Every structure is written in structure tokens, then in C-alpha cells.
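First comes the structure, then the notes that go with it.
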Amino acid sequence: MIDLRSDTLTKPTSAMRQAAYQAEVGDDVYGEDPTVNNLEETAAEMLGKEAALFVTSGTQGNQIAALTHCRSGDEVILEANSHIYLYEGAGFSALAGVQSRPLQGVRGAMNPEDVEAAIRPEDVHFPRTSLICLENTHNKAGGAIIPLNNMKEIYQIANKNNIPIHLDGARLFNASVASGIALKDYSQYTDTVQFCLSKGLGAPVGSIIAGTNDFIEQARKWRKRLGGGLRQAGVIAAPGLVALRDNVSRLADDHENARILAEGLANSKGLKIESEVETNIILVNVKEAGFTSEQFLEKLKAEGVLAGSMGPNTIRLVTNYHVSKEDTGKVITAISKATNNQ
């Protein structure tokens, strides 16, 4: 079975398993786990931030960012199809008590003029705009890379209004590898960044949030309040270090396989690639082929391919390091069979 449901499904490499087994550990709540400390310092340096914090998931990292930046009753500006808004269980409102102000973007990128217009003036009737969230790459936009200049313009607007920028950079490394733009160049237009170790980078668990020393000190307390205080966490941090050492440049292979797959599907009967494929996510509309997404997924499963649903008629294919170039050819054949054998 070729599994393209998500890049979160990757299994840890042999090097990651060995690193976990041999990891030097201590109590991380006391700040005494040397492997966790190494991971946090490495991540902060890669992003050009003062400090970083190892958290259990990207969702937890984003929630901690909101809890640290905002007060209950504030408002957060974010893109209408962002992961934070659609797929994190309304955590911003449930945990931080903040209201979301979604703005419709183009391929996940908000118009800076719309962002500036959405910032609340001081008025007793309005919540305080306390945070602007960006997402790069943008999942719902098919792994689209948010242009660096777009981030810069929004960051400048935010700075002018004393509002911090948080980047949900779950797949930021994909954006960097695909665009050739350094991580530090992206993160310079943010106050805080979250990225996932457990997606295309292939670690079994964990994410990083990074920012100033003061932010991370406060974030660490919120992590503890959320039950995220970790003890001998080096055994799960060690694979993250291996991921940052070994699995960054190879993301280009995933992007190439996604491009090959998209080109192979472009002329398939009744299928429509919904967005330009820049990284490792492909959105395919199957409506003209006469299927709902769920019907088509069942067809694909019968042909030995697993994919995910992203709407009534849209399926999502996500390449990862368990999917080879040879596998992409098999997927193209399987999809062809599924469309032709109704």
C-alpha cells in the first residue's frame, strides 16, 4: 500500500531509532535534559531566534504562542483557510479565550492592505488586536509558499501597530528548500515561529517554537500549564536532531515526486489539479470524473493507494520519504485505473 495521506505518517529512520536509544537524558522540567537543550539551541540558531522550546505537537506550539502573546478577549488576525482556524479544535478560543478574525487570502497569502484594515482601533466596542498569524507553507492552499515579500509587508504593518507576528511554519523547511530562501530570511519577518519535526522531516514526535528569551520563558510556563512539561525527553528529542541533520535537503526529493505526480495526473480524464504544486502537497478535484472525494478514495484504496479528503470533491496527496519515484508512477497508474473503471 502506497500511503499519501500525509507526511506525518513517516516512520523514524534507523539513525533516529539509534539516536533515541543512545540519547543522554535528564529531567527537562528542570532544564537538565542535554539532548533537549541541544535540540532547542540548534533550532533557535537555524531560525535566527534567541531561544526555542521543544513541544509535543505543532498544535500545542501554536496554542502556546496565542496564550503567551494574547489576553482573553483579544482578537487574532489569520487567513480564512489556515490550519489554526480550521484544524486545531478552536483551541485559540477554547484555551486562550481569543476571537479569530479570518481574512480570505490568495493561495494562503493575505493581502497586506486587508490585514492593515482589519487591525482594530482603540474603542470600547472592539477587542484588542494582539496577534497576526501566518502559515508557510499553506496546507489548505496545496502546500503553497507564502512569498517572502508578502511576509515582509505584513510584518512591517504589524510592527507599526505594535502587534506581534506568529508563523505557523509546520512545513517551513519545505518552503525554504523549494524556494532557496534561507530559514532565517523567513523568520526575520516573524516574532515567533513554530515548525514540526514530525512531518516531512520524519521525526516520530514533536515541534519547536522559537522567539526571544523572554517569550520562551513565558511559553515554558504555558507548556507546563497545558501538561506539556517533559521529563527524560531526550529519547524523543534525539530523533529531532537527526531530522535537522539528515532530512532537510532531501525534502527536494518529495517536491520532485510531487511535481512528477501532478504532471502525470494533469491530463487524466475528469481530474483537475486545484493549485500550483510548489512543495509536497497535491490537491486533485475529482468532480468532473463523476466522484465524490470519499468515493474516489475507496477506488484508490482498491488499487493500493491511500490518500486523504480535503472537501466534498477534493483529494489530497502528500509525498514523503516513504514514497519513491517508482511509487509515483504506480500512483499515476492506480489513479488512471480508478478514473477509467467507474
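Since every read-out is calculated from the coordinates, none of them should be taken as a lab result. The model shown is predicted, which means the values in this text are computed figures rather than measured ones. Glycine gets a Cβ as well: all are built from the backbone with ideal geometry, and neighbour counts include every protein chain shown.
Rounded to two decimals, what is the ratio between the C-alpha radius of gyration of the chain and 2.2 N^0.38 Å? If you can, show how the numbers build up before the last one.
On the way: Rg = 20.4 Å, N = 342, 2.2 N^0.38 = 20.2 Å.
Output field value: 1.01.
List the GluC sites (Glu not before Pro) within the stretch 108-164 that fall in a DSSP loop (any state other than H, G, I, E or B) and whose Cβ has at most 16 other Cβ atoms within 10 Å.
Details: sites: Glu113, Glu116, Glu122, Glu135, Glu153; in loops: Glu122.
Of the GluC sites (Glu not before Pro), the ones in loops of the stretch 108-164 whose Cβ has at most 16 other Cβ atoms within 10 Å are Glu122.
Summarising the amide proton neighbourhood of Ser100: residues at separation of 5 or more, or on other chains, whose placed amide H is nearer than 5 Å comprise Val76.
Computed from backbone phi with θ = phi - 60° and the Karplus coefficients 6.51, -1.76 and 1.60, the 3J(HN,Hα) list for the stretch 3-15 is 9, 10, 5, 6, 7, 7, 8, 5, 8, x, 6, 4, 5 Hz; x is used for glycine and proline. Between 0 and 90 degrees, rounded to the nearest ten: what's the tilt of helix 148-160 against the longest Cα principal axis of the chain? The angle comes out near 30 degrees.
Would you mind counting up the charge near Asn136? Only other residues with Cβ under 12 Å from its Cβ, with Lys and Arg at +1 and Asp and Glu at -1. Provide the component values of the computation, followed by the final result.
On the way: positive: Arg107, Arg171; negative: Glu79, Glu135, Asp168, Asp185, Glu278.
So the surrounding residues net to -3.
Sparsely packed loop sites in the stretch 284-337 (the trypsin sites (Lys or Arg not before Pro) outside DSSP H, G, I, E and B with at most 11 other Cβ atoms within 10 Å) do not occur. In the chain, the longest principal axis of the Cα atoms and the axis of helix 213-225 are about 70 degrees apart. Here each label is just a point 7 Å from Cα along the line to Cβ, and for Val29 and Asp214 those points are 2.8 nm apart. Per-residue ellipticity at 222 nm computed for the chain from its helices equals -12500 deg cm²/dmol, with DSSP H segments shorter than 4 residues left out and the rest contributing -39,500 (n - 2.57). Taking one quarter of the surface of the convex hull spanned by the alpha-carbon atoms of the stretch 250-340 gives a direction-averaged projected area of 4.9 nm². For the chain, averaging the sequence separation of C-alpha pairs within contact (under 8 Å, six or more residues apart) and dividing by the residue count gives a relative contact order of 25 percent. Counting only pairs 8 or more places apart or on different chains, how many lysine pairs in the stretch 11-246 have C-alpha atoms closer than 13 Å? Value for the stretch 11-246: 4.
The loop-placed GluC sites (Glu not before Pro) in the stretch 1-48, going by DSSP, that have at most 15 neighbouring Cβ atoms within 10 Å of their Cβ come out as Glu24, Glu32.
Within the shell defined by Cβ-Cβ distances under 10 Å, the residues around Ile208 carry a net charge of 0, with Lys and Arg each +1 and Asp and Glu each -1. Phi angles of the stretch 331-339 translate, via the Karplus equation with coefficients 6.51, -1.76, 1.60 and θ = phi - 60°, into HN-Hα couplings of 5, 4, 5, 5, 5, 4, 5, 5, 7 Hz per residue; Gly and Pro are given as x. Straight-line reach from Lys299: taking Cα to Cα under 16 Å and skipping same-chain neighbours fewer than 8 places apart, the lysines in range are Lys269, Lys287, Lys330, Lys337. Taking a straight Cα-Cα cut-off under 15 Å and skipping sequence neighbours fewer than 8 places away in the same chain, the aspartates and glutamates within cross-link reach of Lys325 are Asp3, Asp253, Asp254, Glu256, Glu263.
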